[in-house]
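Have a look at the structure below, then the notes.
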Amino acid sequence: MGTVLGHWRTLRDAFVRFPAVRSAHQCHGSEVHSVTGRPNRREWTITDGVDGLLTDQVGVLLTVTVADCIPIYLIDPTRAICALLHAGWRGTSAGILGRGVSLMGQVGCRVSDIIMYLGAGICGSCYEVGSDVMKALGLQTIGGGPWEVDLRAELSTQARATGLENIFTSQKCSFEDDEVFFSHRRGGVSEGRMIAFMGFPLSRPLPNR
Ligand SMILES: [Zn+2]
């Protein structure tokens, strides 16, 4: 645990123009929390029960942790609003992407201005699932299982359905590339997690940190 906190400290120290680090204490749900209020001191806040965070404030670094699940980066560069979501099969089937895009709409984003990037995660060739997951995702099961699911393809389909036009997808597979990525499927519960992060930096660090 000390090591994990030490890694977080290193991350925080590396991002001096982000005094506020906000983390989602993920539960594979679809809740997205809005981070408002300009940070005026250094803080690290973990919000329980959410799998996504949104902010329109500079100096706020949004973070989620992943290891096979997909980090979804959403940004409206014209309004400087961004959201970062964590999506495994549960979040994908629960519609976390739609929730994130909807929340961005509520704070003034036009869907056509939003750019989505789907980051490193398990690929469609490596992600074998049972019929429960296929059913949850609304996918047909043909033949005997297990079946392969491409979460990023599913999320891209959902994104287009919500009207997103600017969709970019990493081809990196967390399961295959053990030199670079942690993988929950490869390493089990003791495996580490990657931190995905996004935000708009302050123009200069806060004084007297
Ligand atoms: Zn793969």
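Side notes on the structure shown:
- Applying the criterion of being within 16 Å of the ligand (Cβ to nearest atom) and closer than 17 Å to HIS86 by Cα to the residues of segment 183-209, the residue that is surrounded by the fewest Cβ atoms within 10 Å (Cβ to Cβ) is ARG185.
- Checked against the criterion of being modelled with pLDDT under 90 and surrounded by 18 or more Cβ atoms within 10 Å (Cβ to Cβ), segment 77-91 has no qualifying residue.
- Filter pass, PHE175 being out of contact with any Leu (no Cβ under 8 Å at 6 or more places or on another chain) and closer than 30 Å to GLY59 by Cα: no
- Segment 1-25, residues that are at pLDDT 85 or above and either part of a loop (DSSP other than H, G, I, E, B) or more than 15 Å from THR65 (Cα to Cα) (or both): PHE15, VAL16, ARG17, PHE18, PRO19, ALA20
- Hey, SER23 surrounded by 14 or more Cβ atoms within 10 Å (Cβ to Cβ), touching a Phe, Trp or Tyr at 6+ places or on another chain (Cβ under 9 Å) and among the small types (Gly, Ala, Ser) or not: yes
- Restricting segment 95-135 to residues that are assigned to a strand (DSSP E or B) and within 16 Å of the ligand (Cβ to nearest atom), the residue that is surrounded by the fewest Cβ atoms within 10 Å (Cβ to Cβ) is GLU128.
- Of all the listed residues (THR36, THR65), the sole one being touching a residue at least 40 places away in the same chain (Cβ under 8 Å), under 25 Å from ARG9 (Cα atoms) and either surrounded by 15 or more Cβ atoms within 10 Å (Cβ to Cβ) or not basic (Lys, Arg) (or both) is THR65.
- Scanning segment 47-84 for residues that are assigned to a strand (DSSP E or B) and touching a Lys or Arg at 6+ places or on another chain (Cβ under 8 Å) yields a count of 13.
- Across segment 136-160, the qualifying residues are those that are within 16 Å of the ligand (Cβ to nearest atom) and in a loop (DSSP other than H, G, I, E, B), and the one among them that is surrounded by the most Cβ atoms within 10 Å (Cβ to Cβ) is VAL149.
- Segment 48-62, subset surrounded by fewer than 23 Cβ atoms within 10 Å (Cβ to Cβ) and among the small types (Gly, Ala, Ser), residue farthest from ASN166 (Cα to Cα): GLY49
- Of all residues making up segment 167-182, the number that are within 17 Å of the chain's Cα centre (by Cα) and either of a type in the set (Lys, Arg) or more than 12 Å from the ligand (Cβ to nearest atom) (or both): 5
The values are calculated or read from the model by the stated rules, or taken from the named source; none is laboratory data. This is a predicted model, so every value here is computed, not measured. Note: ideal-geometry Cβ built from the backbone for every residue, glycine included; neighbour counts use all protein chains shown.
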